[in-house]
Structures are given as C-alpha cells and as structure tokens.
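A quick write-up on the structure given underneath.
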Amino acid sequence: MGFYFVHSSERELLLGPFSGRPTQYLTICFDRGICRQAVEKGETLMVQDVSEEAKYLSCSPKVRSEIVVPVLREGEIVGELDID
C-alpha cells in the first residue's frame, strides 16, 4: 500500500509514503499501469485479477488484485492511494 503523487508537468506519478516491500516503481509514467488508468478516468479502479491486465506493473508475484483510489483537491487529481 502506498501513495503516489501526481507530477503533472512531467506526466508521471511519484511514490510517496508506503508500507510493504520496496518497489522498483518510484515513478510511473502516465502511459503505464493501473495507476495511470485511474488518473485518466478520474475514478477508483478495482482489478480482481491483475494477471488479466496487459499494462499491469507487477511489484510482487504474490499480488493478485489491486485497487487505486484517486485523491482530489479542488476537483483535480493530486495523488492516488494504491493498494495491492
């Protein structure tokens, strides 16, 4: 579980506070992953089986599902809560 913050000028998400195993995804470009889809759609995404998602970014082979909740400030997405 962790927070990603939107860095819109670079079109990427930056990893903030998190718990769990270290991840290689300290930044995520807006063109990859379920986190990116949540930014584009502006809504919470729940993926029951991540193995069925072609653009899923795997942090651990043990992860089977993911939920991404956008964090808004004044109607703009400024971050996301990402739970694997």
| field | Sole exception among (1) of a type in the set (A, V, I, L, M, F, W, C); (2) more than 13 Å from the chain's Cα centre (by Cα); (3) surrounded by 15 or more Cβ atoms within 10 Å (Cβ to Cβ) for VAL6, by number | value | (2)
| Restricting attention to segment 22-32, does a residue exist that is over 22 Å from ARG64 (Cβ atoms), in contact with an Asp or Glu (Cβ under 7 Å, 6 or more places away or on another chain) and either in contact (Cβ under 8 Å) with a residue 40 or more places away in the chain or surrounded by 16 or more Cβ atoms within 10 Å (Cβ to Cβ) (or both)? | yes
| remark: Those residues of segment 33-66 which are surrounded by fewer than 17 Cβ atoms within 10 Å (Cβ to Cβ), touching a Ser or Thr at 6+ places or on another chain (Cβ under 7 Å) and among the hydrophobic types (A, V, I, L, M, F, W, C) amount to VAL50
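Readers should treat all values here as calculations from the given coordinates under stated rules, not as data from a laboratory. Keep in mind that this is a model prediction, so the values were computed, not measured. A quick note on method: Cβ atoms are made from the backbone with ideal geometry, for glycine too, and the neighbour counts reach across all protein chains shown.
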